[in-house]
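So the structure is just underneath, and the comments pick up after that.
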Amino acid sequence: MRSAEVSRDTLETQITVRINLDGTGQKNLNTGVPFLDHMLDQIARHGLFDLDIQAKGDLHIDAHHTVEDVGITLGMAFSKALGDKKGIVRYGHAYVPLDEALSRVVIDLSGRPGLEMDVEFTRAMIGQYDVDLTYEFFQGFVNHALVTLHIDNLKGRNAHHQCETIFKAFGRALRMAVALDERQLGAIPSTKGAL
C-alpha cells in the first residue's frame, strides 16, 4: 500500500494527514470547516483514497490558514505516499458535471509545481465558506505535492455546484494519475528518467 502520515504544526494550525493512495474511499475528516470537509470527502470518494485529516486552526480569525494549511499538509502526505513514482500513469484528467455546472481538471505528477485555475464563482460565499479559499487550498497542495494542475470551471450558476465539480474532478484526475501501469512497472514515466 502506498500510504503516508504527515503532521504539520505552526502557530496558526496543527494538522495531521494520513493517506492511502490504494484505498477504497474511507474517510475521517475533521478540519473545523464543514464545507472543506464536504469537499475533502469528494476527493476521498472519487479518488478512492483513504483519508484521515484532523486539523485545529485559528478559526476565530477566519478559515484561511486552516484551508491553506490542509492543502499544504495533504500535498506533503500525497508526495510521501507516492514515493519514487515508478510505474505510475503520471497524467490524469476528468470532466465532472453536477446539474448545470461542469468542471475539468488535468494533472501531471511532474515534480514541478504549477497551478492554472480559471474559475469565476457566481458568489463569494458558500454558507460560511469563502470561495477564494479554494485557490489557496489547491496552491498549497500543488506547492508541496510538486504537481502541475489545471482547473477550469466550464459552466455553472450555483457556486456550491461549481466547487463540488472541481473537487470531484480533482479526485478522479488524481486517481487516474497515480494508477499503476503494468506495462511500465519499475520505470519512471519520463524521457528524463526522473520526475
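Scanning segment 112-132 for residues that are assigned to a helix (DSSP H, G or I) and not aromatic (Phe, Trp, Tyr) turns up at least one hit.
One line per residue, one yes/no per condition, for (1) closer than 28 Å to residue 32 by Cβ; (2) touching a strand residue (DSSP E or B) at 6+ places or on another chain (Cβ under 7 Å); (3) hydroxyl-bearing (Ser, Thr, Tyr); (4) modelled with pLDDT of 95 or more:
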site	(1), (2), (3), (4)
89	no, no, no, yes
110	no, yes, yes, yes
114	no, yes, no, yes
142	yes, yes, no, yes
147	yes, yes, no, yes
152	no, yes, no, yes
159	yes, yes, no, yes
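Restricting attention to segment 33-78, the residues that are within 23 Å of residue 125 (Cβ to Cβ), touching a strand residue (DSSP E or B) at 6+ places or on another chain (Cβ under 8 Å), buried (at least 23 other Cβ atoms within 10 Å of the Cβ) and not aliphatic (A, V, I, L, M) total 3.
Selection of segment 79-115 for residues being more than 16 Å from the chain's Cα centre (by Cα), small (Gly, Ala, Ser) and loosely packed, with under 15 Cβ neighbours inside 10 Å yields only 83.
Pairs linking a residue in segment 123-149 that is of a type in the set (Asp, Glu) to a residue that is assigned to a helix (DSSP H, G or I), with Cβ atoms under 9 Å and 6 or more positions apart or on different chains, are 130/64; 130/67; 132/64; 136/64; 136/67; 136/68; 136/71.
When each of 75, 23 is tested for being outside any strand (DSSP E or B), free of Cβ contacts under 8 Å to residues at least 40 places away in the same chain, closer than 17 Å to residue 175 by Cα and among the small types (Gly, Ala, Ser), the lone residue that passes is 23. From (1) within 30 Å of residue 193 (Cβ to Cβ); (2) assigned to a helix (DSSP H, G or I), pick out the condition that doesn't hold for residue 151. Failed condition: (2).
For residue 56, the criteria (1) outside any loop (DSSP other than H, G, I, E, B); (2) at pLDDT below 95 hold in every case but one, which is (2).
The values are calculated or read from the model by the stated rules, or taken from the named source; none is laboratory data. Treat the numbers as computed from the prediction; the structure is a model and nothing was measured. Neighbour counts run over all protein chains shown; Cβ positions are idealised from the backbone, glycine included.
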